[in-house]
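Participant: Please read through the structure below; I'll follow up with questions.
The values are calculated or read from the model by the stated rules, or taken from the named source; none is laboratory data. A quick note: this is a predicted structure, and the numbers were derived from the prediction, not measured. No Cβ is skipped: glycine too gets one built from the backbone with ideal geometry, and neighbour counts run over all protein chains shown. Accessible surface is based on the protein model in full, side chains and every heavy atom, while ligands, DNA and RNA are left aside. Shrake-Rupley method; radii C 1.70, N 1.55, O 1.52, S 1.80 Å.
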Amino acid sequence: MTHIIHPGPFPADFIFGVATAAYQIEGAVKEDGRKPSIWDAFSHVPGRVHNGDTGDIACDHYHRWESDLDLIQSMHLEAYRFSIAWPRVIPEGSGAVNAAGLAFYDKLIDGCLQRGLKPFATLYHWDLPIQLQGYGGWTNSQTAHAFADYAQLIARHFGDRLASITTLNEPWCSSILSYLYGIHAPGEKSIDATIAAVHQQHVGHGLAVQAMRAETTHVPLGIALNVHSVYPADNTDQNIAAASRFFDFHNGIFLDPLFKGHYPESFIDALGDRLPTGWQDDLSTINQPLDFWGLNYYTPARVKNAADANFPAAQQLSPTKDCEKTDIGWEVAPSAFSDLITTLYANYELPECYITENGACYNDEPQDGVVADGKRISYLSTHLDAVFKVVNNGLPIKGYFAWSLMDNFEWAEGYRMRFGLIHIDYATQKRTMKNSGHWYSQLAENHSNLK
Ligand code: FCB
């Protein structure tokens, strides 16, 4: 069903942008001193990624960054959110710095500034240098310290030119999806490893913020979370309780330490004894004041009670047959987006927010040079309208980044799932602006006329 509305007008200082991540677009995995990340290794293991796809070439953005930035500029956007590949700048995770890696991001950041684009950098979008995985990756506190050193380097080198730095992108994915469900790299299935990874990522974030603040007070610092918008499957007491447990275990274990300085009680009661020794002493490091936080939202989570699910006893349901879904099977529910933002601001003392990701998977292909992806326009317009409503209610949402600039390596799904505003023909690397890209450009252009 396509339903297009024209959200806004947004406040004049509201920022529109697009987002990407290094491993999903850059390719050039062996060039200029880059060493492998856990995603290079994982994607090359047969059976881990759909169709055996890897990020070896991806969108070849490493060589095409200039024309890609030109495209963003042509879309009248004000900001570009990208991630820095840790294995390019510190190829072994800690120790030697790779000047060629820094040089690539120098060019990219200067290229943004020359085109009037605010560079929003993310430090960690899941491409952990593989050397660190050898020591247990995020389950080891050494990785948290290495991350802080890397963050400090980035703040020192780029801090005066960046519009913001996000420490971690979606730590839920790089802990629960990666260490419990085994779907993302490193593909483990262990509760102990999961809990250690959750905690050490928090510590890494806190240490990184401290290290970056010591380098520069100029650049706003934050973290991007994929907070689940949780609903009980129905109104039975059992399922309402399950939804609340699900919130604690999938949202609270991230939000609470970051913004309240402690883990949810229900989590501590159930699994607290599995946290790394001395975890209490880390809480003040984790609970750093932030300048902003990022919300990544795609779809709601509907959950029911399930006695055998151990983390926690609640199970996420697949969307029903008759609900509207994108091509990746995720339910389309814009009202869950506004409800989520409203609930979070009611329950947490949160700083300003950017919607650091929102978008939809529709796999439309070009026909005669046109990608008629009306369903993506519908998704974007209704979700932007949800953001507009909460902005109108006075909540401090300062910008919106569409996921994604272009089709790219969609992790375990490989290249078959397309989220781009720009279509990529992977055989030729040809970029074709989709109708949604034209629609979003128009929205951004109208908005820029307000300034
Ligand atoms: C988010 C990721 C992003 C992309 C979108 C579809 O969870 O941050 O890299 O894969 O989902």
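Participant: Quick check: is even one residue across the stretch 163-172 on the phi > 0 side of the Ramachandran plot, in a loop (DSSP other than H, G, I, E, B) and either out of contact with any strand residue (DSSP E or B) (no Cβ under 8 Å at 6 or more places or on another chain) or surrounded by fewer than 20 Cβ atoms within 10 Å (Cβ to Cβ) (or both)?
Facilitator: Scanning the stretch 163-172, I find no residue that is on the phi > 0 side of the Ramachandran plot, in a loop (DSSP other than H, G, I, E, B) and either out of contact with any strand residue (DSSP E or B) (no Cβ under 8 Å at 6 or more places or on another chain) or surrounded by fewer than 20 Cβ atoms within 10 Å (Cβ to Cβ) (or both), so the answer is no.
Participant: Considering every residue within the stretch 181-189, establish whether at least one is farther than 28 Å from Tyr354 by Cβ, more than 16 Å from the ligand (Cβ to nearest atom), out of contact with any helix residue (DSSP H, G or I) (no Cβ under 6 Å at 6 or more places or on another chain) and not in a loop (DSSP other than H, G, I, E, B).
Facilitator: no
Participant: Could you list all residues from the stretch 405-424 that are of a type in the set (Gly, Ala, Ser) and surrounded by fewer than 24 Cβ atoms within 10 Å (Cβ to Cβ)? Walk me through it before giving the result.
Facilitator: Of all residues in the stretch 405-424, those of a type in the set (Gly, Ala, Ser) come to 412, 414, 420.
Those that are of a type in the set (Gly, Ala, Ser) and surrounded by fewer than 24 Cβ atoms within 10 Å (Cβ to Cβ): Ala412, Gly414.
Participant: I've got another one for you. Mind checking which pairs have a first residue in the stretch 146-162 that is open to solvent by less than 10 Å² (accessible area, probe 1.4 Å) and a second that is among the basic types (Lys, Arg) and assigned to a helix (DSSP H, G or I), Cβ under 9 Å, 6 or more apart or different chains?
Facilitator: So the pair list comes out as Ala155/Arg213.
Participant: From Ala197, Ala214, Ala208, which residue is open to solvent by 10 Å² or more (accessible area, probe 1.4 Å), in a helix (DSSP H, G or I) and more than 16 Å from the ligand (Cβ to nearest atom)? Spell out the reasoning first.
Facilitator: On the way: Ala197 fails: open to solvent by 10 Å² or more (accessible area, probe 1.4 Å); Ala208 fails: open to solvent by 10 Å² or more (accessible area, probe 1.4 Å).
Among Ala197, Ala214, Ala208, only Ala214 is open to solvent by 10 Å² or more (accessible area, probe 1.4 Å), in a helix (DSSP H, G or I) and more than 16 Å from the ligand (Cβ to nearest atom).
Participant: Within the stretch 327-355, which residues are open to solvent by less than 40 Å² (accessible area, probe 1.4 Å), among the aromatic types (Phe, Trp, Tyr) and within 19 Å of Thr382 (Cα to Cα)?
Facilitator: Passing the criteria: Phe337, Tyr354.
Participant: Another question about this same structure. Scan the stretch 143-161 and tell me whether some residue there is touching a helix residue (DSSP H, G or I) at 6+ places or on another chain (Cβ under 9 Å) and in a loop (DSSP other than H, G, I, E, B).
Facilitator: Here is the first cut: in the stretch 143-161, the ones touching a helix residue (DSSP H, G or I) at 6+ places or on another chain (Cβ under 9 Å) are 143-159, 161.
This time we only want the ones that are in a loop (DSSP other than H, G, I, E, B), so: none.
Among the residues of the stretch 143-161, not one is touching a helix residue (DSSP H, G or I) at 6+ places or on another chain (Cβ under 9 Å) and in a loop (DSSP other than H, G, I, E, B), which makes the answer no.
Participant: Could you tell me which of the residues Ala22, Ala79, Ala28 is in contact with a strand residue (DSSP E or B) (Cβ under 7 Å, 6 or more places away or on another chain), away from the ligand (no atom under 16 Å from the Cβ), small (Gly, Ala, Ser) and closer than 24 Å to Thr166 by Cα? It would help to see each step written out before you state the result.
Facilitator: On the way: Ala22 fails: away from the ligand (no atom under 16 Å from the Cβ); Ala28 fails: in contact with a strand residue (DSSP E or B) (Cβ under 7 Å, 6 or more places away or on another chain).
The match here is Ala79.
Participant: Name every residue in the stretch 413-440 that is more than 19 Å from Asp368 (Cβ to Cβ), more than 16 Å from the ligand (Cβ to nearest atom) and out of contact with any Phe, Trp or Tyr (no Cβ under 9 Å at 6 or more places or on another chain), in order of residue number.
Facilitator: Matches in the stretch 413-440: Gln429 only.
Participant: Next question. Kindly check whether there is at least one residue in the stretch 231-249 that is closer than 22 Å to Arg81 by Cβ and within 22 Å of the chain's Cα centre (by Cα). Full working, then the answer.
Facilitator: Taking the stretch 231-249 first, the residues closer than 22 Å to Arg81 by Cβ are none.
Among the residues of the stretch 231-249, not one is closer than 22 Å to Arg81 by Cβ and within 22 Å of the chain's Cα centre (by Cα), which makes the answer no.
Participant: Could you list, in sequence order, all residues of the stretch 39-93 that are among the β-branched types (Val, Ile, Thr) and either in a loop (DSSP other than H, G, I, E, B) or over 19 Å from Lys118 (Cβ atoms) (or both)? Give the derivation first.
Facilitator: Of the stretch 39-93, the ones among the β-branched types (Val, Ile, Thr) are 45, 49, 54, 57, 72, 84, 89-90.
Within the stretch 39-93, Val45, Val49, Thr54, Ile57, Ile84, Val89, Ile90 qualify.
Participant: Mind checking which residues of the stretch 45-57 are open to solvent by less than 80 Å² (accessible area, probe 1.4 Å) and of a type in the set (Val, Ile, Thr)?
Facilitator: Passing the criteria: Val45, Val49, Thr54.
Participant: Residue under question is Asp308, and the condition is that it be modelled with pLDDT under 95 and either within 18 Å of Ser190 (Cα to Cα) or within 16 Å of the ligand (Cβ to nearest atom) (or both); does it hold? Before the answer, list the steps.
Facilitator: Details: modelled with pLDDT under 95: yes; either within 18 Å of Ser190 (Cα to Cα) or within 16 Å of the ligand (Cβ to nearest atom) (or both): yes.
Here the answer is yes, as Asp308 does meet what is asked.
Participant: Now for a separate question. Evaluate the following for Phe42: is it within 30 Å of Ile397 (Cα to Cα) and either open to solvent by less than 50 Å² (accessible area, probe 1.4 Å) or touching a strand residue (DSSP E or B) at 6+ places or on another chain (Cβ under 6 Å) (or both)?
Facilitator: no
Participant: Then there's this: Of the conditions (1) touching a Gly at 6+ places or on another chain (Cβ under 9 Å); (2) within 30 Å of Pro186 (Cβ to Cβ), Tyr379 fails just one. Which one is it?
Facilitator: Going through (1) touching a Gly at 6+ places or on another chain (Cβ under 9 Å); (2) within 30 Å of Pro186 (Cβ to Cβ) one by one, Tyr379 breaks only (2).
Participant: In the stretch 103-118, what count of residues is obtained for those that are open to solvent by 10 Å² or more (accessible area, probe 1.4 Å) and either among the charged types (D, E, K, R) or assigned to a helix (DSSP H, G or I) (or both)? Explain how you work it out, then say what you get.
Facilitator: Within the stretch 103-118, the subset open to solvent by 10 Å² or more (accessible area, probe 1.4 Å) is 103, 106-107, 110, 113-116, 118.
Checking which are either among the charged types (D, E, K, R) or assigned to a helix (DSSP H, G or I) (or both) leaves us with 103, 106-107, 110, 113-115, 118.
Residues that pass the stated criteria total 8.
Participant: What's the total number of residues in the stretch 27-70 that are under 17 Å from Val89 (Cα atoms), of a type in the set (A, V, I, L, M, F, W, C) and touching a Pro at 6+ places or on another chain (Cβ under 8 Å)?
Facilitator: Adding up the residues that qualify gives 2.
Participant: While we're on this one: Of everything in the stretch 425-437, what is touching a helix residue (DSSP H, G or I) at 6+ places or on another chain (Cβ under 8 Å) and open to solvent by 10 Å² or more (accessible area, probe 1.4 Å)? Give them in sequence order.
Facilitator: Taking the stretch 425-437 as the starting set, the residues that turn out to be touching a helix residue (DSSP H, G or I) at 6+ places or on another chain (Cβ under 8 Å) are 426, 429, 431, 433-436.
Within the stretch 425-437, Tyr426, Gln429, Arg431, Met433, Asn435 meet the criteria.
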